[in-house]
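The values are calculated or read from the model by the stated rules, or taken from the named source; none is laboratory data. None of these values were measured; they are calculated from a predicted model. Cβ placement follows ideal geometry from the backbone for every residue including glycine, while neighbour counts extend to all protein chains displayed. Keep in mind that these areas ignore ligands, DNA and RNA; they rest on the heavy atoms of the full protein, side chains included. Shrake-Rupley method; radii C 1.70, N 1.55, O 1.52, S 1.80 Å.
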Amino acid sequence: MSRAGLQVVDLFWVIFIAFVFVPEAVSASRSAGADSCHEVKTAYMMRQIGPVELVPDRPRADESLRVCVHSGPSCCSSKMEDNYMTAVRSETQQKMRSYSFELKYLITGHAKAYRETFESLVSFTSNLTSTLFDSAYSALSSDCRPLVSRLFNDIKLHLSGDAALSLDKTVNRFYDDLFPLVYRRLLNPGFGPKSFQSSSSLHSNHDDCLKMTRQDVSPFGPYPRLLVSGLSRALGVGHALSRLLKLAGEVVNATEKTTLSRECGRSLVKMQYCSHCRGLTLIRPCTGLCVNVMRGCLVGVSELGGPWSSLVVLLQRLASTLATSSNQNSMELALLAVRNHVNDAILHAQLHGPHITATVEKVCGPHAAVSVMTRTSRSDLHSATSVTPVKSDPSAKSSSHLSPLDSSHYRPPAHSRRSLPIKGSKGDKSRSLKKLSREFEGSIQRYQWFFSELPEVLCESEMEVEQHTCWSGQDVVESYAGRVVGSSVKAQRENPEMTVRYSDPVLKGAKHRLEQITQELVAELGWTMKPSTREEDTVEGSSPTRRAEGGSGEEECDDEDGCEGSGAQDGGESSSGLSPKTEHVAPPPRSVLPPHQLPPPQVAVRGGAHPLAARHLPLTLVTMAFVLLSPWESR
């Protein structure tokens with residue numbers, strides 16, 4: 001037989017084998033896969049979903065299925081569905097905690113750093129003010145130390161974010177308590193007992209009168225008012241920053257504790273595990289499906305997006321103010337200036353001693369002298385105590401020109417010099433308030449749209465492997481046919497995958513506090529605001545946004561869901577928060593799931609190929625023909 005004839009014979013056998021034996025092999029493979037739930041059982045066990053005995057050995061018809069309902073045999077049972085629902089809700093909450101961990105760490109770390117820095121500044125300036133009485137007004141030293149300590153303790157509470165504390169009341173109380181001491185020790189040293197604590201009832205009544213009339217008598221001139229004004233202007237930024245950091249931590253904790261409704265659980269099971277019932281453990285959900293389900297499940301979290309964005313922008317502006325503060329609103333200089341203000345106030349009282357004493361006697365009456373002292377002319381006492389004002393030491397005069405971060409007197413305590421557990425910290429190098437603020441300003445801006453983008457970020461962890469087909473919730477498809485809706489409550493009314501109910505009282509309360517406190521602090525600071533808006537990102541790689549047939553299912557209401565319709569009480573789009581006028585901040589880059597939080601490994605299905613796999617048959621025929629015919633080419 002000729003060479004050409006042999007080639008024709010071999011080609012005939014290739015075609016015969018391809019059309020006779022290959023279809024039988026494929027059919028046998030499918031039958032083997034269809035008759036076994038081994039891969040499903042393996043995935044069920046590796047994901048630790050529940051007792052592996054619940055998974056049947058072979059597919060069977062189960063009419064009790066409520067979520068993964070499809071025609072034909074299934075590898076699932078109703079008890080498996082319950083376990084799938086528990087597992088998928090737990091997995092989703094764990095992923096949320098994983099993504100919010102870095103944000104929570106950033107907030108708590110910087111809140112602690114700011115608190116320690118503020119306490120260090122307050123402690124230093126408190127001691128500096130106390131030394132004023134030790135060096136210049138020794139007659140007042142022992143009794144004024146508690147007053148100074150209480151004044152700066154209130155300042156520390158104010159910087160920690162205490163909303164109930166008023167700097168105006170704090171400073172006025174300090175000068176009210178200081179006035180009786182100055183009046184008896186400096187303006188009228190021959191009257192009253194030497195120890196303030198041992199005052200008799202008579203002296204106590206007179207002191208109470210002095211305290212109540214201090215603001216009317218105005219013995220300290222304009223200096224109490226100047227001190228209140230300086231502290232309010234300089235410490236307002238630190239107070240607002242501490243209060244917002246505390247609020248931010250509470251919001252993050254609230255989102256971590258949010259509960260996923262049963263309706264959400266059903267949709268998550270359809271997306272994640274109903275494919276397992278068909279023997280497909282490797283197929284990934286379609287991007288559009290995942291975005292719709294995640295946005296529906298996290299609609300309450302997404303509603304925090306606008307107010308949270310305003311909070312982040314306000315935090316950036318506060319940090320920027322601390323990092324670039326001038327001498328007029330510097331926190332350090334304002335605290336250092338307390339010593340000078342107190343000194344100037346006492347000097348003013350000494351210079352106007354006769355007038356102050358005359359006014360006090362008209363209001364509170366004359367105060368009897370101590371019997372052990374020689375009575376002298378009241379005018380002599382006035383002249384002896386007021387003609388020569390007491391001057392503080394030279395160091396006090398220059399204190400207003402010193403920054404505690406540059407002064408040789410100021411050394412942060414050991415605990416504030418440790419390196420902080422914040423990303424980007426450099427060793428044990430002590431950092432100033434300005435450096436800390438610059439670092440925080442750059443770090444927090446990456447999380448401006450954190451809650452708005454959280455559903456998409458969670459979906460990206462499911463789309464790590466690019467596939468030509470995906471799971472639509474019902475079957476394997478080439479692209480998702482449903483409409484991808486927005487994340488707002490109003491948009492979620494059209495969600496084709498689930499009936500969304502926004503009824504989480506914790507998240508609603510968090511949103512209300514975000515809006516209320518942000519606007520309150522902005523009003524206190526006297527800053528201007530503008531609405532913070534963001535266009536919703538389109539989903540890359542998703543199918544055209546065509547509405548799926550049937551729309552959203554009209555399923556019965558569960559007690560667990562709260563029976564509140566999608567946005568029925570909200571009346572439309574969420575009101576966005578307000579943000580200061582700053583530069584537009586781009587959304588943060590998508591992050592990936594931490595290594596220790598990666599999803600459990602997927603299990604391959606042997607023989608469980610979808611009919612779409614038959615498209616590879618022509619390639620097999622070509623390969624066999626090439627192998628059989630190649631020897632003739634070499635001859």
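Look at where the Cα atoms of region 56-101 and of region 108-154 average out, and the two centres are 61 Å apart. Between residue 519 and residue 139, residue separation times 0.36 nm minus the direct Cα-Cα distance comes to 132.1 nm.
Between residue 258 and residue 494, the simple spin-label model (points 7 angstrom out along Cα→Cβ) gives 2.2 nm.
Quick check for you: with a 1.4 Å probe and neighbouring chains kept, what is the accessible area per residue of region 198-321, in Å²?
About 28 Å² of surface per residue is accessible.
Give the carbon-plus-sulfur fraction of the accessible surface of region 259-345 in %, rounded to a whole number; probe 1.4 Å, heavy atoms of protein chains only.
Accessible surface attributable to carbon and sulfur in region 259-345 totals 42 percent.
Label-to-label distance for residue 324 and residue 64 is 6.7 nm, based on points extended 7 Å past Cα in the beta-carbon direction. The residues 456, 524, 63, sorted by heavy-atom accessible surface at 1.4 Å with ligands and nucleic acids left out, run 63, 524, 456 from largest to smallest.
Using the Cβ-Cβ distance between residue 363 and residue 173 with R0 set to 22 Å, the FRET efficiency from 1/(1 + (r/R0)^6) comes to roughly 0.65. Near residue 74, the amide H atoms lying under 5 Å from its own belong to 60, 61, 62; only residues 5 or more places off or on other chains count, and H is placed 1.01 Å from N. The accessible-area ordering, largest first, of the residues 508, 257 stands as 257, 508, per a 1.4 angstrom probe. Could you tell me the center-to-center distance, by alpha carbons, between region 273-287 and region 206-241 in angstrom? Comparing the Cα centres of region 273-287 and region 206-241, I get a distance of 69 Å. In this label model, residue 478 and residue 157 are separated by 7.1 nm, measuring between points 7 Å along each Cα→Cβ vector.
With 0.36 nm allotted per residue and the present C-alpha distance subtracted, the residue 57-residue 82 stretch has 7.1 nm of extension available.
Surface composition of region 119-174: carbon and sulfur make up 49 percent of the accessible area, probe 1.4 Å.
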